[in-house]
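Report on the following structure.
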Amino acid sequence: MKIAVLAVQGAFIEHEKMLASLGAEVIELRKKKDVLQEFDGLVLPGGESTVQGKLIRELDMFDILKKKIEDGIPVLATCAGLILLAEKISNDTRKHFATLPVTVMRNAYGRQLESFYTEGDFGKLKNVPMEFIRAPYIESVGEDVEILSKVDDNIVAVKYNNQLAMSFHPELLSDTRIHEEFLGMLI
C-alpha cells in the first residue's frame with residue numbers, strides 16, 4: 001500500500017518514518033505532479049494550518065486533494081490536518097477542505113508553553129499516548145461523526161467515513177496503534 005504524506009510544512013517526516021516502519025510505501029506530496037500519482041491513503045500532518053492551507057492552494061494541489069478526500073481515500077489527519085479537514089473553525093474565518101462535519105477551535109489549549117502529554121482511550125484502544133502541541137479541539141460534531149477520544153471533556157479524536165482526525169500528535173511517540181488503525185482502513 002502506498003501512503004501519500006502532505007510534505008509542504010509541519011511534522012510530516014515523523015509520519016513517514018512511522019508508516020514505513022509498519023511496512024507502508026510512503027511518498028511525499030510537495031507539488032502538483034506529486035498529487036497526480038496513484039496512492040491508497042493520505043496523511044495531513046500537524047504544523048501550521050494557515051501555512052499548509054495557503055501552500056496547497058499556491059502549489060495547485062488543493063482541488064485534487066479535496067476531490068480525493070470526497071471520493072473516499074482514507075485520510076489520517078493530526079492537529080493542523082484536523083483543521084484542514086474541518087467544516088468550520090470557530091475562531092477563524094478561513095476554511096480549507098471542509099470535508100469533516102465538525103467545528104474546531106484553533107490553538108484551543110493555548111500557546112506552545114501549554115503543550116502537554118496525557119494518555120487516554122481512542123475508540124477501542126486503551127492507554128494511547130497523546131502529545132498536544134498548540135492543539136485544537138473539536139467543539140461540536142455533525143451527524144454520523146464517531147467520537148473516538150475526549151480529554152477533559154473536550155473532543156480530541158473523531159472518525160467520519162474515510163477520515164480519521166485528531167488534535168494530538170501520535171507520530172511523535174513510539175506507539176504505532178493509531179497508524180495501524182489508519183492502515184487498517186485501507187484494507
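Values in this text are rule-based calculations from the coordinates and carry no lab data. These figures come from a predicted structure and were not determined experimentally. So basically every Cβ, Gly included, is an ideal-geometry build from the backbone, and we count neighbours across all protein chains shown.
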Point-to-point label distance, Ile187-Glu25, nm (Cα→Cβ direction, 7 Å offset): 2.0 nm
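For Glu48, what charge total do you get from the other residues with a beta carbon under 11 Å from its beta carbon, if Lys and Arg give +1 and Asp and Glu give -1?
Once all neighbours under 11 Å are counted, the net charge is +3.
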Whichever lysines have a C-alpha closer than 23 Å to that of Lys54, once near sequence neighbours (fewer than 8 apart) are set aside: Lys31, Lys32, Lys33, Lys66, Lys67, Lys68, Lys88, Lys95
Computed over region 28-110, Kirkwood Rh from alpha-carbon pairs, angstrom: 12.9 Å
Mean ellipticity per residue at 222 nm, deg cm²/dmol - from DSSP H runs of n ≥ 4 across the chain, formula -39500 (n - 2.57): -6500 deg cm²/dmol
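Using only alpha carbon pairs under 8 Å that are at least six residues apart, calculate the relative contact order of the chain and give it in whole percent.
This gives 19 percent for the chain.
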Around His179: net Lys/Arg minus Asp/Glu count, Cβ-Cβ under 12 Å: -4
Pairwise FRET efficiency - Ser140 versus Ser115, Cβ, R0 = 30 Å, nearest 0.05: 0.80
Point-to-point label distance, Lys124-Arg177, nm (Cα→Cβ direction, 7 Å offset): 1.2 nm
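Compute the FRET efficiency between Asp60 and Arg94 as 1/(1 + (r/R0)^6), taking r as their Cβ-Cβ distance and R0 = 25 Å, and round to the nearest 0.05.
Between Asp60 and Arg94 the formula returns 0.85.
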Choice from Glu143, Glu171, Glu16 showing the highest fluctuation, given a GNM over the chain with Cα pairs closer than 10 Å: Glu143
Principal axes of region 86-187: Cα extent on each, largest first, Å: 35, 34, 22
³J(HN,Hα) computed for each position of region 127-133 - Karplus, 6.51 cos²θ - 1.76 cosθ + 1.60, integer Hz, glycine/proline x: 6, 7, x, 9, 9, 9, 10
Spherically averaged projected area of region 98-158 from its Cα convex hull (nm²): 4.3 nm²
Listed values (1) 28, 18, 16; (2) 30, 17, 14; (3) 22, 19, 16, entry calculated as semi-axes √(5λ) of the Cα gyration tensor in Å: (3)
DSSP-defined antiparallel bridges as percent of all bridges, the chain, nearest 5: 55 percent
